[in-house]
1. What list of ³J(HN,Hα) couplings, whole Hz, do you get for region 156-161 from phi and the Karplus terms 6.51, -1.76, 1.60, once you set θ to phi - 60° and write x for glycine and proline?
2. Sorted by average packing, counted as other Cβ atoms within 10 angstrom per residue and highest first, what order do 25-31, 53-59 take?
3. Averaging sequence separations of C-alpha pairs under 8 Å and six or more residues apart, then dividing by the length of the chain, give the relative contact order as a whole percent.
4. Cut-off is 10 Å between beta-carbons; in what order do Glu62, Glu158, Glu127, Glu67 appear when sorted fewest neighbours first?
5. Students often check this: by mean Cβ neighbours within 10 Å, which of 163-169, 45-51 ranks highest, and how do the rest follow?
6. So which lysines pass the test for Lys106, namely a Cα distance under 29 Å, with those fewer than 8 places away in the same chain ruled out?
7. Using the 10 angstrom Cβ neighbour count as an exposure proxy, how do Trp114, Trp181 rank, fewest first?
8. Rounded to the nearest 20 Debye, what is the dipole magnitude of the chain about its Cα centre when Lys and Arg each give +1 and Asp and Glu each give -1 at the C-beta?
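All of the numbers you see were taken from the coordinates with simple rules; none came from a lab. All values derive from a computational prediction rather than experimental measurement. With ideal geometry, Cβ positions are generated from the backbone for all residues, glycine too; neighbour counts draw on all protein chains shown.
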Amino acid sequence: MPFFEWSDKYLVNIPAIDADHRNLFSLANSIHEHVEQGTGHAAILQAIGHLLSYVHKHFDREERLMEKVAYPDLAGHKKTHRMLEQMVQSMHRVYTVDPDAVDPQKLLEFLRDWLQGHIIKSDMQYEPWINNRIQQAHGDIAWSETSHTAVPDEISVEVAVPAAKAWIIHACARLIRNDDWRAEVIEETATRAIDEQLANDKAIAAAVLR
């Protein structure tokens with residue numbers, strides 16, 4: 001039996017969102033499998049990274065859906081999303097810098113409570129409104145199915161930055177992709193920045209720390 005067991009009680013009867021939720025459960029189960037099998041910090045970190053990436057995509061999809069049907073509590077839902085994203089991001093950053101600080105069992109328990117609680121307590125609140133609006137639109141509102149695919153060694157990263165600073169991101173990306181020696185300087189700078197933020201991240205992620 002999987003640690004994060006999917007059940008039809010989590011269905012919101014919106015195909016794209018239900019597919020996202022199933023994938024989130026699957027990604028969380030992959031973290032559990034790595035923990036149970038003792039595959040090492042690198043595998044767990046990668047699995048958490050995959051989950052974080054998919055969380056961003058899922059929340060964006062949900063919010064665009066709610067905007068399209070004028071869901072009245074969109075602002076509240078967005079606030080909950082930002083809080084959850086911050087928590088997962090902080091866990092990911094803490095694990096990147098100091099994996100031994102994270103208690104794997106507490107991490108799994110947090111993910112279980114979050115996945116089950118968010119879907120049942122939060123997403124179920126919008127289900128009647130959205131499905132009613134879809135019916136009123138006579139099916140004109142279309143949602144695409146989604147599926148999780150393996151993340152390759154190279155991934156596309158989307159990040160919002162001031163337009164005048166975008167060249168910095170492009171330049172850094174080229175150096176890193178080409179394995180230029182200057183990429184080490186970028187990595188060192190990023191590591192220092194992560195170290196400076198670690199205390200704040202640990203405060204946010206306290207629920208999963210040893």
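1. 8, 10, 9, 8, 8, 9
2. Descending packing order for the listed peptides: 25-31, 53-59.
3. Computed value for the chain: 32 percent relative contact order.
4. Glu158, Glu67, Glu127, Glu62
5. 45-51, 163-169
6. Excluding near neighbours in sequence, the set is Lys9, Lys57, Lys78, Lys79, Lys121, Lys202.
7. Final ranking by Cβ density, sparse to dense: Trp181, Trp114.
8. 540 debye
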